[in-house]
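Trainee: Can you read through this structure? Questions will come right after.
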Amino acid sequence: MAKKNRQAKEMELDVTEEVMEAAPQEEIAAEEPKKRAEAPQVHFDGWYAARAAAIPAIHKKEIIKADFKGRKVPMIATMKEFDEALKMYGVKLA
């Protein structure tokens, strides 16, 4: 049984290698800069840790997090998206 499974996996690998060889290199090279140009995404806790000094202490982390969930802001997003959501919450960063 193990031999059959191994042969099936080897056949799948051969097919994927053929597809990769058939793909033009220009398309693959064109996709790479797009990935690098995107802003890195961070988790809400990481964003809050970076911005905690700029947010007034009266606004608690749990309240901001609940507001973001209510506005359908994903918990893993870019810093800019979190900053925009904070602006919608009513806090302007200095």
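Readers should treat all values here as calculations from the given coordinates under stated rules, not as data from a laboratory. Keep in mind that what you see is a predicted model, and the values were worked out from it rather than measured. Quick reminder, even Gly has a Cβ in these numbers, built from the backbone with ideal geometry, and neighbours come from all protein chains shown.
Trainee: Would you please classify the overall shape of the stretch 42-94 from the alpha carbon gyration tensor, given that a ≥ b ≥ c denote the square roots of the eigenvalues, rounded means a/c under 1.5, and beyond that prolate means a/b larger than b/c while oblate covers the rest?
Mentor: Rounded shape, in that the Cα axes give a/c under 1.5.
Trainee: Modelling each spin label as a point 7 Å along the Cα-to-Cβ direction, I'd like the residue 6/residue 58 distance in nm, to one decimal.
Mentor: With each label placed 7 Å out from Cα toward Cβ, I get 7.0 nm.
Trainee: Run the quick spin-label model on residue 66 and residue 79: label points 7 Å from Cα toward the beta carbon, then report their separation in nm to one decimal.
Mentor: For the pair residue 66/residue 79, the computed spacing is 2.9 nm.
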